[in-house]
Number of protein chains: 2
Amino acid sequence: MAGKKQFDMDTALDAAMIQFWRAGYADTSVDDLSRATGLNRSSIYSSLGDKDTLFLRCLDRYAARYGDRYDAALSCAASDPLTAVRAFFDVTLDRIADPELPDGCLVAQSAMAIPVLSPAVAAHAKEALGVQRLRLRAALKAGRLTDQDADAFADHVAAVNQSLAVMSRAGASPAQLLAIVGVTVDALSQALRSRDQHRGTTSAEPATRESGTSRPRR
Amino acid sequence: MAGKKQFDMDTALDAAMIQFWRAGYADTSVDDLSRATGLNRSSIYSSLGDKDTLFLRCLDRYAARYGDRYDAALSCAASDPLTAVRAFFDVTLDRIADPELPDGCLVAQSAMAIPVLSPAVAAHAKEALGVQRLRLRAALKAGRLTDQDADAFADHVAAVNQSLAVMSRAGASPAQLLAIVGVTVDALSQALRSRDQHRGTTSAEPATRESGTSRPRR
DNA sequence: CACATCTTGAACTGATCAGTTCAAGATAGA
DNA sequence: TCTATCTTGAACTGATCAGTTCAAGATGTG
């Protein structure tokens, strides 16, 4: 073995992912990717594939990385669905708050560009959103929600989660983002309380309506 | 006067707007705009300006057109904020359901592309979102919500409204979109009911929690 | 040192892009 | 018909794009 690989594949893929994430597919040139990764233009093609292939790898990488975090956040859904959904939103809010990372969301951005993306990329973007929806459905069903409420809340939570990407891109403040998810969290809290009342059991949640803007975090 | 204008400016602007709306700024070439409007390439520059100027005009046109509709929807907020918010969402849902128009939302799409748009265009996109937020704040304050609830719901409703653009781009069904807004509408209904109870008055709304997926429309 | 492997920079192709220019043609009023 | 105005199509410029190729150099092992 001589002339070993002189760059770290994971680092390079992360750099490419962040470049696509910040500027989108259309506004990222291969030269941009070369600058972002520090790899030579030739090395990009030989090691990471062409632009479309690389974008697909970045999209899957993004979906897998944050998918795992969303999974972990929802892991307590069976015992405490409200905390699970709060933790779910926190994955996104923490990502947005990270100054190292671009605002927005690569999946949301790709979804918006579906009409002008390759069929393969479009399919992966739809898939990522679909998986998130199914994750939320399963988690809420495992909690105390009815099937009907679980489905509706899953769609709603997934959508609100994507809306954070749009609003953060437009410069929304952390307080705004908290208000946005606060209403959803309150609504879920209320649904759980209604279900408990219907069952005749008492809820662990306080009886008064929570404030959407002052919800405790972590 | 001879050699009168042979095209209708409004029709041409609408066609350009729809082209930008469908494909976004980066993926729309001036030739695309020429094809979409039926105008010669030279005519585009002489009558509609360069690409950036034209995009700005289309963005403002879009914001004004649907801004008026959102205004009209919210006009009954003082007497019936719940109906107003439903009507607000219906403006978006009807637009998405219109097969003549692209999915998504030109403002949401522009917001997502802010890092790669010209400062002028980025400012107009932010402005459009800000105006919508203020509209909702004023409407909800005019209704029966507390200032704190009005602010939180305004941010939330504006965000959910933008999320519909993302989800519709990704091929979400009308039922999914209804579920998304249904949770928000239910939450608002609950907030109004809580406030009425606190006041000791009776609400016009039924006491049972409404279903998010079977909400009546129109 | 010799060798195999990887990396690099530069050049090149063919395509598309935004923006401009202009001569030829169409139009309709005088 | 004459004329002023608008429209058209085509060509052109200079830039950027994705993708490919390759010779020169760097690297580390045997």
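Computed 3J(HN,Hα) for the stretch B:112-129, one whole-Hz value per residue from the Karplus formula 6.51 cos²θ - 1.76 cosθ + 1.60 where θ = phi - 60°, is 5, 9, 3, x, 10, 9, 5, x, 4, 5, 4, 5, 5, 5, 4, 4, 4, 5, glycine and proline marked x. Copy-to-copy label distances for residue B:35, where each label lies 7 Å from Cα along Cα-to-Cβ, are 3.0 nm in order of increasing length. For the residues of B:126-136, the average number of beta carbons from a partner chain within 10 Å of their own beta carbon is 2. Dimensions of the protein assembly as shown based on its C-alpha atoms, expressed as ranges along the principal axes with the largest first, amount to 81, 67, 31 Å.
Report the FRET efficiency, 1/(1 + (r/R0)^6), for residue A:196 and residue A:76, where r is their Cβ-Cβ distance and R0 is 22 Å, rounded to 0.05.
The calculated FRET efficiency here is 0.80.
With the cut-off at 31 Å, tell me which of the pairs A:126/B:126; B:51/B:141; A:141/B:141 have Cα atoms farther apart than that. Pairs exceeding 31 Å: B:51/B:141; A:141/B:141.
Relative to the other identical copies, residue B:68 shows label-point distances of 5.3 nm, where the label point lies 7 Å from Cα along the Cβ direction and values run shortest first.
Quantify how strongly other chains surround peptide B:21-33 by giving the mean number of their Cβ atoms within 10 Å of each of its Cβ atoms.
Values: counts 1, 2, 4, 7, 2, 8, 8, 2, 0, 0, 0, 0, 0.
That average works out to 3.
Counting only alpha carbon atoms, the long axis of helix A:51-74 and the longest principal axis of chain A meet at about 30°. Sequence-ordered 3J(HN,Hα) estimates for the stretch B:83-100 from the Karplus curve with 6.51, -1.76 and 1.60 and θ = phi - 60° stand at 5, 4, 5, 4, 5, 4, 5, 5, 4, 5, 5, 5, 5, 5, 6, 6, x, 6 Hz, glycine and proline given as x. Across the stretch B:164-176, computed HN-Hα scalar couplings (Karplus, 6.51 cos²θ - 1.76 cosθ + 1.60, θ = phi - 60°) run 4, 5, 4, 5, 5, 4, 7, x, 5, 6, x, 5, 4 Hz from first to last residue, x flagging Gly and Pro.
How big is the Kirkwood radius of the stretch A:1-116, worked out from every pair of different alpha carbons and given in Å to one decimal?
Values: mean 1/r = 0.0639 Å⁻¹.
Across the stretch A:1-116, the inverse of the average 1/r is 15.7 Å.
Across identical copies of the chain, residue B:90 has label-point separations of 4.0 nm, listed in ascending order, with the point defined 7 angstrom from Cα along Cα→Cβ. The convex hull built on the alpha-carbon positions of the stretch A:66-199 has an orientation-averaged projected area of 8.4 nm².
Readers should treat all values here as calculations from the given coordinates under stated rules, not as data from a laboratory. Keep in mind that this is a model prediction, so the values were computed, not measured. Note that we place each Cβ from the backbone using ideal geometry, even for glycine, and neighbour counts take in every protein chain shown.
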